[in-house]
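Enquirer: Sharing a structure here in structure tokens format.
The values are calculated or read from the model by the stated rules, or taken from the named source; none is laboratory data. This structure is a prediction, so every number in the text was calculated from the model and none was measured. Just the protein is used for accessible areas: all its heavy atoms, side chains included, with ligands, DNA and RNA removed. Shrake-Rupley method; radii C 1.70, N 1.55, O 1.52, S 1.80 Å.
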Amino acid sequence: MTAWRKAQDSDGGGRSGVSPEDRVRTLTATVVDGTTAVAEQVRGLSDDEIQRIECDQPAPLADAYRCFLALIGGGAGHFMQGSDVFYPAVIGLGESARELLTENDVPFVLAESDRVILMHQGYQFDFLRGPGPDPEVWSYREGDGPGDVPTLSFTRFTDWLQAHVTQQTEAWARLVPWYEAEKQKRPGDRRVYFSRRHPDGSVSDEL
């Protein structure tokens, strides 16, 4: 039985005795599978770094999200690569999300109690909404559908995290062996993999 399935089963698919922090610990441990990430690539955040994130937006840090930051808030190998979800990229996401809504004349206003936790490619973001240790996750995607407003994606942050862990670990289990094989090809052979150009002009190999 996989770790994420244990987390789901121990929670009974509902609201039983497993704490949100325990679910986060189990799920983040699943990321360290030797393919999606190895232990040396996982960086939790210090109290000072977490405090900087906390002060960046007016909304309080939910317990489950705080645990996520403490365990892998600085990144974890390939996990969620390409999205602004880790420190320091997470700083300023609240302002960026509000600017995106304004630019698109979206009839929705983020409350001060909403905390933006992810932005993808400047057109999509996720945010925590509601009280409690494991709040809802809402999502906005530019041009996504009727009314073009944020909608509820997951009833709990830990459900959001579980969905990402499941999708990412399964995808990287398929992609990484192929990627490594591409890199081993001889000079002159056609290679099929992607690189990412950073704002400073540097380029890194990525899937």
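Enquirer: Could you bin all the Cα-Cα distances of segment 30-182 into 10 Å bins starting at 0 and give me the percent of pairs in each, rounded to whole numbers?
Expert: Cα pair-distance distribution for segment 30-182, in percent: 11, 39, 35, 13, 2.
Enquirer: Across segment 123-175, what fraction of all alpha-carbon pairs, as a whole percent, falls in each successive 5 Å bin from zero upward?
Expert: 4, 20, 20, 19, 18, 13, 4, 1
Enquirer: Report Rg(Cα)/(2.2 N^0.38 Å) for segment 69-159, keeping two decimals.
Expert: For segment 69-159, the normalised Cα radius of gyration comes out at 1.06.
Enquirer: Determine the distance separating the Cα centre of segment 72-145 from the Cα centre of segment 14-61; give it in Å without decimals.
Expert: 16
Enquirer: In Å², and per residue, what accessible area does segment 76-152 have when probed at 1.4 Å with the other protein chains present?
Expert: 46
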